[in-house]
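So the structure is just underneath, and the comments pick up after that.
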Amino acid sequence: MIRIRHLTLALLAIAPAAAFAQDAPDPYTTQTTAAEADTATSDGAKRFAVVGGYSLSEPTRNPQIGDSRAQLDGDGAATLSASYYVTDNIAVEAWGAVDKFGHRVNIDGQKAGSVEAQPYAVSGQYHFGNAGQTVRPYVGLGYYQTNFDGESTIESGALAGQRLAVESPEGAIASAGVDVKLSPSWFARADMRYLQGKSDVMLDGANAGEAELNPVMLGIGLGARF
């Protein structure tokens, strides 16, 4: 939760600069010269975008494991996305974690084990405004799957001596974000994603509960359009 708060503060720090940029005269939309007109036209012709970033994932619900209600800590990981703009406003995005999110499993306030998660998603996006704007918000909706592995328990914890396994959840993913143009080809991005889905939790091969983590992810990144 502390990491999420830190990134939230960073996003809030970006917001005033973005608002100032939006209020300032936009050389890409105020086409007073032929050169500026050519720039705006070339922006609109760029159909591909790639974004490298870093996201923090925080589960919003606590899973049931046996007779206990567990809590998973949040974690951060590098992410990568590739988008194709079908039109100036509509894009299809393939997104995923480059590294794994490591979640500590706590029961009764004490560490009982750990698990690693690596989500992937495909989404449709709607980008408001036009490609020449300095600040451009967007929303998205799609489908995701998270691969869980690296499940382990500790010798002295509530799950000591048991083999923990978590099935891979899948379901809907909703996203919202904003792109801030840095140049005709480069932009900064801040986004939020919500993943909804559930999976079975196994102890020693037997069903021991259900995990519906529904994590919220906050991310920042640097992107390029071409």
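What translational D, rounded to a whole number of µm²/s, comes out for region 100-226 from Stokes-Einstein when the hydrodynamic radius is the Kirkwood one over Cα pairs, at 25 °C and 0.890 mPa s? For the chosen part, D equals 146 µm²/s. Annotation: lysines with alpha-carbon distance below 17 angstrom to Lys46 (same-chain offsets under eight excluded): Lys181. One chain, two ends: Ala174 and Ala94. Fully extended at 0.36 nm per residue, the span grows by 27.5 nm beyond their Cα-Cα distance. Taking 26 Å as the straight-line reach from the Cα of Lys111, the lysines in range (excluding those fewer than 8 positions away in the same chain) are Lys100, Lys198.
Fewest neighbouring Cβ atoms within 10 Å first, the residues Val86, Val178 line up as Val86, Val178. Rounded to the nearest Hz, the phi-derived 3J(HN,Hα) couplings of region 141-150 under the Karplus curve 6.51 cos²θ - 1.76 cosθ + 1.60 (θ = phi - 60°) are 8, x, 10, 9, 9, 10, 8, 9, 7, x, where x marks glycine and proline. Sequentially through region 123-133, phi angles give Karplus couplings (6.51, -1.76, 1.60; θ = phi - 60°) of 9, x, 10, 10, 9, 6, x, 9, 5, x, 5 Hz, Gly and Pro residues having no value and appearing as x.
No value in this document is a laboratory result; all are computed from the given coordinates. All values derive from a computational prediction rather than experimental measurement. Using ideal geometry, Cβ is built from the backbone for each residue, glycine included, and neighbour counts are taken over all protein chains shown.
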